[in-house]
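Participant: Dropping a structure here in structure tokens format, bear with me for questions.
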Amino acid sequence: MATLTGIGVCAGVTGGPLLRIAAAPALPAPVPVDDVEAEVQRAVAALAEVVADLSRRADRAADETVAEVLRAEALMADDEELRDAVREHVEGGADAPHAVDAAFGAFREMFAEAGGYLAERVADLDDLRDRAVAVLLGLPMPGVPQPGFPYVLAARDLAPADTADLDPEQVLALVTEIGGPTSHTAILARALGLPAVVACPGVLGVTEHTLVLVDGSTGRVEVGVSAASVAAAGALAEAAIDDNAEPGRTADGHAVKLLANVGSVKNVPAADQAHAEGIGLFRTELLFLDRTSEPTRDEQIGAYRDVFRAMAGRRVVIRTLDAGADKPLPFLKQEGEPNPALGIRGLRVARQRPDVLTTQLAAIAAAADDCGADVWVMAPMVSTLTEATAFAAAVHEAGLPKAGVMIEVPAAALRAADLLRAVDFLSIGTNDLSQYTFAADRMCGDLAELLDPWQPALLQLIAICGAAGRDTGKPVGVCGEAAADPLLAPVLAGLGVSSLSMSPRALPGVRAALGRYSYAECRRLADLAVAAPDAAAARKLMG
């Protein structure tokens with residue numbers, strides 16, 4: 001046995017034989033170009049075919065998150081500057097396949113140098129290049145394996161087109177050699193509810209059909225496990241899928257609301273099937289993704305209202321636009337920053353574009369009117385009491401009753417009690433809070449152990465927030481990946497967390513885990529976990 005370590009981006013433990021996606025067609029030797037214009041048109045037609053194929057896949061995608069990602073990739077292939085670059089290379093003597101390769105290569109270099117969100121789009125550019133070259137060569141692009149039995153899929157990275165047709169009944173988990181938590185692989189894995197690990201060096205060196213266990217919470221991939229271990233993991237996963245519709249609570253009845261994370265109304269049926277008590281994180285970024293103009297107020301109203309109406313009678317916590325810096329959006333036209341992770345992102349975008357926040361709050365308020373849902377609004381990347389106070393005032397001015405902030409930086413966690421005097425609730429984003437607490441970039445696989453949600457320093461910050469919530473009688477939730485870890489759920493409850501929001505797929509396991517402990521036991525385990533010397537010791541407390 002061997003253990004590989006990457007970054008867990010979608011919780012869950014499962015096992016099975018590992019299979020890989022085959023390599024894309026290789027470029028042939030260059031050939032002379034006799035008719036420049038005909039060669040340009042051949043290349044442009046190949047790009048158009050790629051755009052059409054991705055659009056068709058988007059139209060038939062069952063999940064709206066998958067569809068939006070596919071449409072975003074199609075827009076990249078339909079770029080006028082890309083076609084101009086292809087023409088320049090053909091006019092310089094390159095044949096169509098090599099001109100396409102060179103044009104994408106230039107964009108690839110620019111994206112890689114930009115870093116952050118754009119760097120994670122490099123894999124999408126590579127996929128688009130491979131697909132266009134395959135069209136020009138008259139060869140099919142290798143797709144996801146269809147062996148007829150369940151398996152773990154491994155790849156250097158997965159493009160949206162690869163994952164669009166994934167059958168969750170066959171593909172048990174995803175493991176990639178590169179990528180990060182905001183890569184399309186991570187986004188799509190969460191949308192599909194598949195356990196996933198990215199930035200996992202060595203996974204492509206595993207012999208195909210080797211049995212592996214994948215832990216999407218810790219990022220660990222156990223290689224060469226026994227068939228009995230795989231069967232045990234499968235049995236636990238099956239046990240977690242039940243028809244328990246009871247609210248989240250400990251064995252003695254202490255309430256911990258169990259909520260779902262969604263990106264659009266298409267995710268609501270999965271939340272309903274898992275008996276979610278509401279929505280703890282409604283991400284609004286997908287509506288803005290890769291657009292050159294801001295979505296109109298009416299567009300936003302329609303998207304928000306669909307979710308609110310589908311969740312009538314339940315809580316919906318909607319997050320205002322979480323973008324900027326490492327997740328740039330074209331319409332914002334932001335200038336480059338020396339350290340994007342510490343730059344203008346989340347609520348800070350309102351410093352430069354207050355109109356974006358004002359329009360979004362107005363749209364949320366209009367959508368919430370007579371929808372039947374209990375709509376709460378929260379802002380990402382809040383650091384100070386001044387920011388929290390200003391955001392709460394803007395929310396209330398828009399006519400919305402509940403304003404909250406996300407706890408993603410240590411400064412906010414340390415002053416949680418002050419923040420709760422200005423806002424109605426807190427929601428802890430453990431992914432970013434880990435990154436900023438440990439000065440460990442979420443994209444860096446070598447530092448994955450520092451991003452472990454069991455790190456005692458992170459738990460201590462959560463404890464500060466939980467204590468502030470208990471003292472003020474106001475809710476404190478967790479909506480990061482930590483919320484989906486069944487082992488950690490009792491500890492988080494003991495730290496004072498009043499709600500956990502996660503992928504719908506993780507809800508049954510978390511519900512069952514909470515029900516095994518009394519609230520007093522949760523408090524005791526929480527104290528021990530915070531006092532533990534490291535993450536491994538904290539995790540061992542749960543056996």
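The values are calculated or read from the model by the stated rules, or taken from the named source; none is laboratory data. The model shown is predicted, which means the values in this text are computed figures rather than measured ones. In this analysis, Cβ positions are derived from the backbone assuming ideal geometry, glycine residues included, and neighbour counts consider all displayed protein chains. Side chains included, ligands, DNA and RNA excluded: accessible areas come from the protein's heavy atoms. Shrake-Rupley method; radii C 1.70, N 1.55, O 1.52, S 1.80 Å.
Participant: What pairs can you find where one residue is in segment 291-302 and farther than 16 Å from Leu332 by Cβ, the other is open to solvent by 60 Å² or more (accessible area, probe 1.4 Å), and their Cβ atoms are less than 7 Å apart, with a gap of 6+ or different chains?
Facilitator: Once the first residue is farther than 16 Å from Leu332 by Cβ and sits in segment 291-302, no partner that is open to solvent by 60 Å² or more (accessible area, probe 1.4 Å) comes close enough.
Participant: Being more than 26 Å from Arg415 (Cα to Cα) and in contact with a Lys or Arg (Cβ under 8 Å, 6 or more places away or on another chain) is the filter; apply it to segment 327-344 and report the residue that is modelled with the lowest pLDDT.
Facilitator: Per the criteria, the residue is Lys327.
Participant: Ok, one more. Considering only residues of segment 526-537 that are in a helix (DSSP H, G or I) and out of contact with any Pro (no Cβ under 6 Å at 6 or more places or on another chain), which is surrounded by the most Cβ atoms within 10 Å (Cβ to Cβ)?
Facilitator: Once the filter is applied, the top-ranked residue is Ala529.
Participant: Right, another one. Which residue out of Pro490, Pro456, Pro508 is modelled with pLDDT of 95 or more, surrounded by fewer than 23 Cβ atoms within 10 Å (Cβ to Cβ) and either over 28 Å from Gly115 (Cβ atoms) or basic (Lys, Arg) (or both)?
Facilitator: One residue alone meets the criteria, Pro456.
Participant: Any idea which residue in segment 28-61 is most open to solvent (accessible area, probe 1.4 Å), counting only those that are among the β-branched types (Val, Ile, Thr) and in contact (Cβ under 8 Å) with a residue 40 or more places away in the chain?
Facilitator: Val31
Each row is one residue, and each column tells you yes or no for (1) more than 24 Å from Leu75 (Cβ to Cβ); (2) touching a strand residue (DSSP E or B) at 6+ places or on another chain (Cβ under 9 Å); (3) free of Cβ contacts under 8 Å to residues at least 40 places away in the same chain; (4) not aliphatic (A, V, I, L, M).
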position: Leu329; (1), (2), (3), (4): no, no, no, no
position: Glu335; (1), (2), (3), (4): no, no, yes, yes
position: Leu342; (1), (2), (3), (4): yes, no, yes, no
position: Leu361; (1), (2), (3), (4): yes, yes, no, no
position: Asp369; (1), (2), (3), (4): yes, no, yes, yes
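Participant: Looking only at segment 55-114, which residues are in a helix (DSSP H, G or I), of a type in the set (D, E, K, R) and modelled with pLDDT of 85 or more?
Facilitator: Result: Glu80, Glu81, Arg83, Asp84, Arg87, Glu88, Glu91, Asp101, Arg108, Glu109.
Participant: Which number in (1) assigned to a loop (DSSP other than H, G, I, E, B); (2) open to solvent by less than 40 Å² (accessible area, probe 1.4 Å) marks the one condition that Lys474 misses?
Facilitator: (2)
Participant: Test of understanding: among Pro25, Pro17, which residue is open to solvent by 20 Å² or more (accessible area, probe 1.4 Å) and more than 30 Å from Gly216 (Cα to Cα)?
Facilitator: Pro25
Participant: When you go through Ala38, Ala11, Ala43, Ala29 one by one, which is the residue that is within 30 Å of the chain's Cα centre (by Cα) and of a type outside the set (D, E, K, R)?
Facilitator: Of the residues listed, the single one that is within 30 Å of the chain's Cα centre (by Cα) and of a type outside the set (D, E, K, R) is Ala11.
Participant: Condition check: under 26 Å from Gln460 (Cβ atoms), touching a residue at least 24 places away in the same chain (Cβ under 8 Å), open to solvent by less than 10 Å² (accessible area, probe 1.4 Å) and not hydroxyl-bearing (Ser, Thr, Tyr). Does Ala417 satisfy that?
Facilitator: No, not satisfied.
Participant: Taking the conditions exactly as written (open to solvent by less than 60 Å² (accessible area, probe 1.4 Å), in a loop (DSSP other than H, G, I, E, B), touching a residue at least 40 places away in the same chain (Cβ under 8 Å) and at positive phi), does Gly313 satisfy them or not?
Facilitator: no
Participant: Give me the pairs: first residue in segment 345-356 and modelled with pLDDT under 90, second residue among the aliphatic types (A, V, I, L, M), beta-carbon distance under 6 Å, and six or more apart or on different chains, which are they?
Facilitator: Arg345/Ala325; Arg345/Met381
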